[in-house]
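Below you'll find the structure, written out as structure tokens, and then a few comments.
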Amino acid sequence: MSNMLEVADLGHTYGDHEAIGGLSFTVRAGELVCVVGPSGCGKSTLLRTISGLVAPSRGDVSLHGSHLAVVFQDYSRSLFPWLSVQGNVEFPLRSLPRAERRARAAEALEWVGLGGAARKRPWQLSGGMQQRVAIARALAYRPSLLLMDEPFASVDAQTRFELEDLLLRVRREHDTTVLVVTHDIDESVYLGDRILVLSGSPARLVADLEVPLPAERDQVTTRTDEAFVELRSKVARLLNVGKPALDVEKWAAAERESLSETVSS
Amino acid sequence: MRAFTRGLLGIAGFLVLWELLGRSPLLPAHALPPPSVVFGELVTQLTSPSFISHVVATVLALLIAIVIAIAIAVPSGLVLGSVPAVRHGTRAVIEFLRPIPSVALIPLALVMLGFGPETKITLAVYAALWPILFNTIYALDELDPLLVDTARVFGTGRLGVLFLVALPSALPFVLTGIRLAATTALIVMVSVELMAGSQIGIGYFIMEARSGPGRMDQVLVGTVVAGAIGVLLNNGLERVRRRWVAW
Ligand SMILES: Nc1ncnc2c1ncn2[C@@H]1O[C@H](COP(=O)(O)OP(=O)(O)OP(=O)(O)O)[C@@H](O)[C@H]1O
Ligand SMILES: [Mg+2]
């Protein structure tokens, strides 16, 4: 399979603060790769360099797709307040004929459950709804590479599951390559074909893990799969490198409990 | 509604005070005609074609001045606000020109442009430029960089960012600038007319009424109408802002 994205010895320094300290990895076309790492380690900076918004201090990023879409971590500030929800979703589609633009926006808004909010202004919506508008805009664009920065951080657990499955379905249907930054270890295992684990600042690659799960995922059975539980513990352990041992078993038990709560509710 | 009622009460109080002061023996006779007289005269004047043509002349010149000021100040503001080199290069000139009161330029303008409407329009444009220009520049400073990043990521070029992101995002500030500019332009416009920079207009009407025997009731009719134009402009523009750029 061909590569969609190649990152070679990428480093970035803000002033005298080294945010990224030499990252190398590739993402194959059609792959969904999750990036996890401690808060402030440089994940957003990584996405900004990949999307070309920030010129990295060193190293190279090569992109092989033509259409790039980004869901920013600060989603509410990335919506145009003078445009309606529909106008926002249509913004990247300006070059298309009007009818197709309309149809695509309507479809994407339907996907994220906001079909009824098309005429509202973004600031009239809740934070979680705004986040879904940003997701709809990125999906409607049908990018070849989709970069998402903690895209499901502000939605409730139920909606989060739905959006995760939506992402899996859409990227399968449109053969989209996806790079998702998440702070949720479970999510990274559930969504990913691969997981990139980053260390604290400056960000370095701690591990590049294949996810040994079948392509078809299911919110209930996948999350109780032995391979899922095992990989989750492994990622958790990796994220705590060098820190006083966190009780992974206890943490996993608590997670299982909270999961069964959300599933049963 | 309560605010509206209170406003009406305030106006009523003001009129009563004016009426009392106008009829009091403290002021020389006819110096301050009371509102009962002034509004009677206002009704008479509003049916007089010559008075109406004065009002129309002022309003028309004012609208022309505002449109010209917008056409100059908004593009200049966009350039100054988005190209730091131009902004720094022009700072000294702007800092020098801005504090000059437009009224101080009246003699110069009369010599250069004569007594036609060009003079009052030019000076009103000069006065109206600044609030629009500075609000546009300020708006670009306030532009959220993430909106620009969003547009750029989705393949929007420099011009696209300017017209699809910077301009709409600046609109609320620009409209506030236009509202301030309209009031300033009205003041300058009537001042120029008063100072004989015109043969027609509300200011000219006021000057004429004052000369000779001195019809103070007509002077006040002119004043009241000029004030009413200011209020209408201000409220109209505020309504436009609320209706179209409510974010
Ligand atoms: N524009 C900037 N100028 C200076 N420092 C910055 C800038 N942006 C980010 N940083 C710093 O770089 C580091 C990495 O920031 P970044 O936003 O990439 O982290 P992150 O992994 O996305 O964090 P989080 O998980 O909280 O979203 C942080 O220490 C941050 O303070
Ligand atoms: Mg971040």
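The values are calculated or read from the model by the stated rules, or taken from the named source; none is laboratory data. Everything quoted here is computed from the prediction, not taken from an experiment. Here the Cβ is made from the backbone with ideal geometry for all residues, glycine too, and neighbour counts use every protein chain on show.
Suppose the filter is within 20 Å of the chain's Cα centre (by Cα), surrounded by fewer than 20 Cβ atoms within 10 Å (Cβ to Cβ) and farther than 30 Å from B:Gly114 by Cβ; does B:Thr176 pass it?
On the way: within 20 Å of the chain's Cα centre (by Cα): yes; surrounded by fewer than 20 Cβ atoms within 10 Å (Cβ to Cβ): yes; farther than 30 Å from B:Gly114 by Cβ: yes.
For B:Thr176, the condition - within 20 Å of the chain's Cα centre (by Cα), surrounded by fewer than 20 Cβ atoms within 10 Å (Cβ to Cβ) and farther than 30 Å from B:Gly114 by Cβ - is met.
Under 7 Å by Cβ, and 6 or more places apart or on different chains, what pairs join a residue from region B:17-45 that is under 13 Å from B:Gly222 (Cα atoms) with one that is among the β-branched types (Val, Ile, Thr) and at pLDDT 85 or above?
B:Val38/B:Val221; B:Val38/B:Val224; B:Glu41/B:Val221; B:Leu42/B:Val221; B:Leu42/B:Val224; B:Gln45/B:Val221
Could you pull out every one of the strands (runs of 3 or more DSSP E) wholly within region A:25-132 that has 1 or more residues that are within 14 Å of chain B (Cβ to nearest Cβ)?
Once the strands (runs of 3 or more DSSP E) in region A:25-132 are filtered for at least 1 residues that are within 14 Å of chain B (Cβ to nearest Cβ), what remains is A:58-63, A:68-71.
For region A:23-60, how many residues meet the condition of being more than 15 Å from ligand 1 (Cβ to nearest atom) and either at negative phi or touching a residue at least 24 places away in the same chain (Cβ under 8 Å) (or both)? First the steps, then the outcome.
At the first step, the residues of region A:23-60 found to be more than 15 Å from ligand 1 (Cβ to nearest atom) are A:24-33, A:52, A:58-60.
Of the ones still in play, those that are also either at negative phi or touching a residue at least 24 places away in the same chain (Cβ under 8 Å) (or both) are A:24-33, A:58-60.
Counting residues in region A:23-60 that are more than 15 Å from ligand 1 (Cβ to nearest atom) and either at negative phi or touching a residue at least 24 places away in the same chain (Cβ under 8 Å) (or both) gives 13.
Checking A:Asp175 against (1) more than 14 Å from every other protein chain (Cβ to nearest Cβ); (2) modelled with pLDDT of 95 or more; (3) more than 16 Å from ligand 2 (Cβ to nearest atom), only one condition comes out false. Which one?
(2)
Among residues belonging to region B:117-167 that are more than 25 Å from A:Tyr75 (Cβ to Cβ) and of a type in the set (Gly, Ala, Ser), point out the one that is surrounded by the fewest Cβ atoms within 10 Å (Cβ to Cβ).
Applying the first criterion (more than 25 Å from A:Tyr75 (Cβ to Cβ)) to region B:117-167 yields B:117-138, B:159.
With of a type in the set (Gly, Ala, Ser) added as a condition, the list becomes B:124, B:127-128.
Values: B:Ala124: 29, B:Ala127: 25, B:Ala128: 31.
Residue satisfying both the conditions and the ranking: B:Ala127.
Suppose we keep only residues that are in a helix (DSSP H, G or I) and touching a helix residue (DSSP H, G or I) at 6+ places or on another chain (Cβ under 7 Å) within region B:143-159. Which one would you say is farthest from the other protein chains (Cβ to nearest Cβ)?
Narrowing region B:143-159 to residues in a helix (DSSP H, G or I): B:145-153, B:158-159.
Now restrict to residues that are touching a helix residue (DSSP H, G or I) at 6+ places or on another chain (Cβ under 7 Å): B:146-148, B:150-152.
Values: B:Leu146: 4, B:Leu147: 6, B:Val148: 9, B:Thr150: 4, B:Ala151: 8, B:Arg152: 7 Å.
Among residues in region B:143-159 that are in a helix (DSSP H, G or I) and touching a helix residue (DSSP H, G or I) at 6+ places or on another chain (Cβ under 7 Å), the one farthest from the other protein chains (Cβ to nearest Cβ) is B:Val148.
Looking at B:Ala170 and the list (1) within 14 Å of another protein chain (Cβ to nearest Cβ); (2) of a type in the set (A, V, I, L, M); (3) surrounded by fewer than 19 Cβ atoms within 10 Å (Cβ to Cβ), which single condition is not satisfied?
Every listed condition holds for B:Ala170 apart from (3).
Just to be sure before I move on: is B:Ile178 away from every other protein chain (no Cβ under 14 Å), in contact (Cβ under 8 Å) with a residue 12 or more places away in the chain and outside any helix (DSSP H, G or I) in the structure I sent?
Working: away from every other protein chain (no Cβ under 14 Å): yes; in contact (Cβ under 8 Å) with a residue 12 or more places away in the chain: yes; outside any helix (DSSP H, G or I): no.
Considered against the rule, which asks whether it is away from every other protein chain (no Cβ under 14 Å), in contact (Cβ under 8 Å) with a residue 12 or more places away in the chain and outside any helix (DSSP H, G or I), B:Ile178 comes out as no.
Could you tell me which of the residues A:Val155, A:Val180 is within 16 Å of ligand 2 (Cβ to nearest atom), touching a Gly at 6+ places or on another chain (Cβ under 8 Å) and either more than 14 Å from every other protein chain (Cβ to nearest Cβ) or modelled with pLDDT under 95 (or both)?
The unique qualifying residue is A:Val180.
For residues that are within 16 Å of ligand 2 (Cβ to nearest atom) and among the aromatic types (Phe, Trp, Tyr), tally how many sit in region A:19-78.
2
Among the listed residues A:Ala138, A:Ala157, A:Ala153, A:Ala134, which satisfies the condition of being touching a residue at least 60 places away in the same chain (Cβ under 8 Å), surrounded by fewer than 19 Cβ atoms within 10 Å (Cβ to Cβ) and within 19 Å of A:Ser44 (Cβ to Cβ)?
Just a single option satisfies the conditions, and that option is A:Ala153.
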